[in-house]
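The values are calculated or read from the model by the stated rules, or taken from the named source; none is laboratory data. In this text, all values refer to a predicted model and were calculated from it rather than measured experimentally. Heads up, the Cβs are rebuilt from the backbone with ideal geometry, glycines too, and the neighbour counts pull from every protein chain shown.
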Amino acid sequence: MSDTRIASPQLMGILNCTPDSFHAGGRTMSVPAAIAHGLRMRDEGADWIDVGGESTRPGAERVSADEQIRRVVPVIEGLRAAGADCISIDTTLSAVAERALAAGASMVNDVSAGHEDPRILQVAAAAEAELVLMHRLAPPDRDRFSDQYEHEPVYADVVCEVWAWLMAHARIAERAGVPSERIVIDPGFGFGKSVAQNFEMLRRLGEFTQSGRRVLVGLSRKSFLGAVVGAPDPADRLPATLAAAALALRGGAAILRVHDVAPHAQVRAVFRSERGC
């Protein structure tokens, strides 16, 4: 990965148009409130606004394509009308992605990496959109928070296995027509990994970023951070999140996906200054 990319990480603000996000601060229901929140995150320094109509937290109920479209399309249209031009759609369904891209989104953030609906890869390619591919072991309704596994997920080497999985799925996306430079990989912190496995990935993040692939990191207020600081409530995990974000930037993360844009913008500013940028 080039020094320019490491020195210029981006922030992605989380805009959940859902009633059941795991963090209360990320729940936004009415269209006007969602648009206002998205614009506030942009003004605080977000480079991307990631709009989602289905919670991806472990244990969340699934949401139909029609309901996701009802939730997200008016928000995306409102953000675009207000001048926000870097909008991502957080969905695993091609029908939702297609409508969101037509409404003004320019990135597809698929936490299933094309597994749930392979057509989403063609949709992203046709729209010339950016595409985020995330690693996970199971969909939300069959997953657990990192600190609640009865039996830890089994990996011989979590970093090597997640990396190989992501590279295989990146190649599938490329064959579907998405150019390599438009693909972003996400190791999937908090998805199908124990507390220790998440920290192993954070410690060795450079093994993901040294390839030149852009890496998105989502650490915001996650349970594996709460487990080590004694914060069972996500509302109490901001300091741990900011510490983890600083480590991720040091490891070469290109995009940080966050609930709290303003404090992360300060972390990024310090990181850039330390690098002389």
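Things to note:
- Just one of the listed residues (80, 119) is modelled with pLDDT of 95 or more and either farther than 23 Å from residue 185 by Cα or in contact with a Lys or Arg (Cβ under 7 Å, 6 or more places away or on another chain) (or both), namely 80.
- Options 246, 235; residue that is in contact (Cβ under 8 Å) with a residue 40 or more places away in the chain and either more than 16 Å from the chain's Cα centre (by Cα) or in a helix (DSSP H, G or I) (or both): 235
- Only one of the listed residues (158, 178) is in contact with a helix residue (DSSP H, G or I) (Cβ under 7 Å, 6 or more places away or on another chain) and more than 28 Å from residue 47 (Cβ to Cβ). That residue is 158.
- Whenever a residue of the range 163-181 is assigned to a loop (DSSP other than H, G, I, E, B), its partners that are of a type in the set (A, V, I, L, M), lying with C-beta atoms within less than 6 angstrom and at least six residues away or across chains, give the pairs 176/121; 176/125; 177/125; 178/124; 178/125; 178/131.
- Pairs linking a residue in the range 263-277 that is closer than 18 Å to residue 251 by Cβ to a residue that is of a type in the set (Gly, Ala, Ser) and in a helix (DSSP H, G or I), with Cβ atoms under 7 Å and 6 or more positions apart or on different chains, are 264/245; 267/245; 267/246; 271/246; 272/7; 275/7; 277/7.
- Of all residues making up the range 233-272, the number that are out of contact with any helix residue (DSSP H, G or I) (no Cβ under 8 Å at 6 or more places or on another chain), within 13 Å of residue 220 (Cα to Cα) and surrounded by fewer than 21 Cβ atoms within 10 Å (Cβ to Cβ): 1
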